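S.K.: Questions regarding the structure given below will be posed in turn.
The values are calculated or read from the model by the stated rules, or taken from the named source; none is laboratory data. What you are looking at is a predicted structure, and each value in this text was computed from that prediction instead of being measured. Every residue, glycine among them, receives a Cβ derived from its backbone with ideal geometry; neighbour counts consider all protein chains shown. Calculation scope for accessible area: heavy atoms of the full protein, side chains included, ligands and nucleic acids excluded. Shrake-Rupley method; radii C 1.70, N 1.55, O 1.52, S 1.80 Å.
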Amino acid sequence: MKLTRRILHYFRPYVFQLLMSFFILATVALLWQAVIFSAKPVFDGLMKLGNTPKTVSVGTAPGGNGSLVQPVPETGKSVEKTARKRQTKDKLAFITRTKDKLKKWFARKGWLSHLNVNRAIQGGDDIMVILIMMLSVFLLKGLFTFSGFYILGRVGFKVVRDIRDDLYRRMTMQSVSFFDRYHSGTLISRITNDVFLIQNAATTKIGDLVKESLILVILIAGVFYISPGLSTLLLVIIPLNIIPFILISRAIRRATGSAQNRMGELTNILKETITGNRIVKAFSMEDFEIRKFVAKNYEFFKANVRMVLATASSSPIMEFIGAIVFCVVIFYGSIQIRSGVMTVGTFVVYIGGVIFIYSPIRRLVKANNDIQMAVEAFRRIFELMDEKNTIQSPAVPKPFPKKVEEVTFKAVSFHYENDERPVLSDVSFAVPRGTIAAFVGSSGAGKTTLANLVPRFFDITRGSIAVNGTDIRDFNLKELRRHIGMVTQETVLFDDTVFNNIAYGRSDIPMEQVIEAAKTAFAHEFIEAMPDGYHSRIRESGVLLSGGQRQRLSIARALLKNPPILILDEATSALDTESEILVQKALNNLMQNRTTFVIAHRLSTIRSADVIYVLEQGKVVESGCHDDLMVQNGIYTRLYNMQFGVDSGIH
């Protein structure tokens with residue numbers, strides 16, 4: 001029930017359009033009934049044509065020179081009385097009367113003479129009137145069907161747009177730990193494949209559900225009107241559909257969930273292979289990746305086969321039950337005709353109504369199959385939306401200081417979610433304004449984790465991190481991050497122009513400021529050499545640029561932001577010597593008059609740092625400038641000598 005309410009929440013803003021489309025589709029259902037009822041005068045007319053009075057010879061007068069031929073009616077007064085009795089009992093006699101009234105109206109207007117196609121090929125004016133009635137009904141039905149599904153389709157796409165917007169908004173606003181928990185392929189699958197299943201249901205299947213349900217109700221009402229006794233008997237048989245309907249719905253939901261999970265895994269493999277194509281080729285692992293993809297694709301195939309098994313079984317079951325119903329109708333209807341309760345035309349209409357009842361039932365089953373897939377997709381999407389974001393702004397945030405004087409760590413400890421092993425333990429230090437603080441240590445010592453705590457990518461387990469004495473958790477989250485700039489080893493660039501990558505989301509920035517930032521980052525020269533300069537597109541992840549060029553664009557972006565706190569995480573570790581020199585010059589420009597945290601493996605890049613903190617197993621074990629640490633002959637000295645090939649004698 002809760003899931004249903006959440007789904008309906010997305011349709012609530014468009015309730016007026018929905019009601020309008022439902023009303024139009026209800027009219028379509030009524031017109032369907034009119035189409036079926038209009039068959040009565042057709043078949044009654046055909047029976048009348050087949051039973052016209054015949055001319056018979058009564059003999060030749062003796063001695064006469066010719067034969068006397070006269071028409072002899074096949075029916076007498078008793079037959080006429082029986083016909084009137086049948087007309088009284090026939091529930092659809094009003095259709096014949098409507099046809100007769102239309103015929104008289106056409107005659108008064110003088111239209112019958114214009115419509116006379118050899119008197120409708122000897123069928124009389126009745127045939128022409130009946131055909132006009134049927135064509136008019138079909139024309140109206142077509143117009144109403146178009147209008148109803150067009151309105152409903154627009155509503156469906158609006159709902160899908162809202163769902164996709166909400167899902168993307170929730171995902172984007174999540175903490176970093178959320179993206180650590182879910183594979184990127186899984187997230188992509190949810191926002192593409194799952195939303196597509198909802199789109200299919202919302203734009204067409206809901207319309208089918210409404211229209212076919214209304215048609216079904218009206219058809220059942222129609223057959224009840226014609227023959228209540230027989231229709232009551234059918235009501236005992238028809239509910240046999242319900243049990244397989246429920247079982248099939250459950251099977252479809254289970255199979256859909258499994259198939260979408262496999263699709264997420266498949267998307268993840270695909271993404272890894274595409275983004276890591278150079279590694280795949282460098283290690284000649286094409287066959288390995290193909291085998292992995294084929295194995296996962298086979299699991300996806302098996303999940304889809306289970307879904308097809310469930311959906312394919314519905315139609316034969318419905319058809320068999322329909323055959324039982326049809327046999328009952330034929331048997332009982334023949335008795336009704338012989339007793340004069342029905343005309344042949346009325347019986348044909350009744351049979352048509354019963355047959356047509358199973359047409360909307362089959363479509364409802366198909367619509368239900370697709371809607372069950374959409375319900376499972378909704379469940380998976382809501383599962384993502386319900387993920388709690390633990391990194392939040394306080395209810396009443398404190399204003400961020402206009403000038404950052406100091407960033408302090410006080411007895412900070414941290415461990416990752418669902419992992420009690422400490423990454424940082426009792427870390428304390430202070431970085432005053434304008435200070436460059438470097439953090440070094442072996443892999444896994446906690447350097448990058450420490451840097452990620454400053455912009456609150458994760459929240460600390462114990463202790464506090466403060467700016468000017470105020471805990472960073474007391475600031476508005478966006479305001480805090482607006483005052484922090486980051487340049488990381490993994491440069492993130494977007495498939496956009498150079499200008500938009502440097503300005504990043506700030507369309508109000510003038511070109512002069514972007515150029516100035518690029519010049520300070522030593523990027524202006526290579527940007528000007530590009531075909532369209534600052535308006536050149538750099539494609540996905542900046543593949544058209546070298547590593548050094550990408551990094552300098554990232555530095556230019558940080559310079560334009562002009563943050564008082566700066567975090568440099570292995571910013572030069574992946575560069576060649578020439579690129580490193582240019583990037584280091586750009587970084588020196590960037591670090592001026594800022595509170596800077598530098599994470600580095602290359603110790604040569606942090607020799608000029610004001611203070612260097614050495615981390616070992618999540619603790620600060622040494623601190624000081626480069627010269628002081630070298631004199632101590634401790635872990636820093638060992639790391640430095642290892643990089644420059646000097647045997648320090650420390651073990």
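S.K.: Using θ = phi - 60° and the Karplus form 6.51 cos²θ - 1.76 cosθ + 1.60, what ³J(HN,Hα) does each residue of the stretch 530-546 get, whole Hz, x for Gly and Pro?
M.R.: Going residue by residue, I get 6, x, 10, x, 6, 9, 6, 7, 9, 6, 4, 6, x, 5, 7, 10, 6 Hz, with x marking Gly and Pro.
S.K.: So, one more: Give the calculated FRET efficiency between Met642 and Lys398 to the nearest 0.05, with a Förster radius of 35 Å applied to their Cβ-Cβ distance.
M.R.: Efficiency for this residue pair is about 0.20.
S.K.: Figure the gain on full extension for Glu516 and Phe457 (residue separation times 0.36 nm, minus the Cα-Cα span) and round it to one decimal in nm.
M.R.: 18.2 nm
S.K.: Taking a probe of 1.4 Å, how large is the accessible area per residue of the stretch 148-190, in Å²?
M.R.: Per-residue value: 50 Å².
S.K.: Then there's this: Ile36: accessible area at probe 1.4 Å, nearest 10 Å²?
M.R.: 10
S.K.: Same structure again: Just the number, please: carbon plus sulfur as a percent of the accessible area of the stretch 338-489, 1.4 Å probe, no ligands or DNA/RNA counted.
M.R.: That fraction is 51 percent.
S.K.: Over the stretch 329-386, give the accessible area per residue in Å² for a 1.4 Å probe, as an integer.
M.R.: Dividing the accessible area of the stretch 329-386 by its residue count gives 36 Å².
S.K.: Under a point spin-label approximation (7 Å from Cα along Cα-to-Cβ), what is the Thr4-Tyr168 distance to one decimal in nm?
M.R.: Result for the modelled spin labels: 3.2 nm.
S.K.: Follow-up question, since we're still on this one. Cβ under 13 Å from Ile502's Cβ, Ile502 left aside: what net charge do those residues give with Lys, Arg +1 and Asp, Glu -1?
M.R.: Charge balance in the 13 Å sphere: +3.
S.K.: A follow-up question, please. For the stretch 413-465, report the % of Cα-Cα distances exceeding 15 Å.
M.R.: The share of Cα pairs beyond 15 Å in the stretch 413-465 comes to 50 percent.
S.K.: Does the stretch 392-496 come out rounded, prolate or oblate, given a ≥ b ≥ c as the square roots of the eigenvalues of its C-alpha gyration tensor, rounded meaning a/c under 1.5 and, failing that, prolate meaning a/b above b/c?
M.R.: Rounded, since a/c falls under 1.5.
S.K.: Provide, in order from the shortest bin, the percent of all Cα-Cα pairs of the stretch 313-363 in each 5 Å bin, continuing until the bin that contains the maximum pair distance.
M.R.: Spelled out per bin, shortest first, that is 5, 20, 27, 19, 14, 9, 5, 1, 0.
S.K.: Under a 1.4 angstrom probe, counting protein chains only, how are Phe499, Phe144, Phe475 ranked by accessible area, largest first?
M.R.: So the residues, ranked largest to smallest area, are Phe144, Phe499, Phe475.
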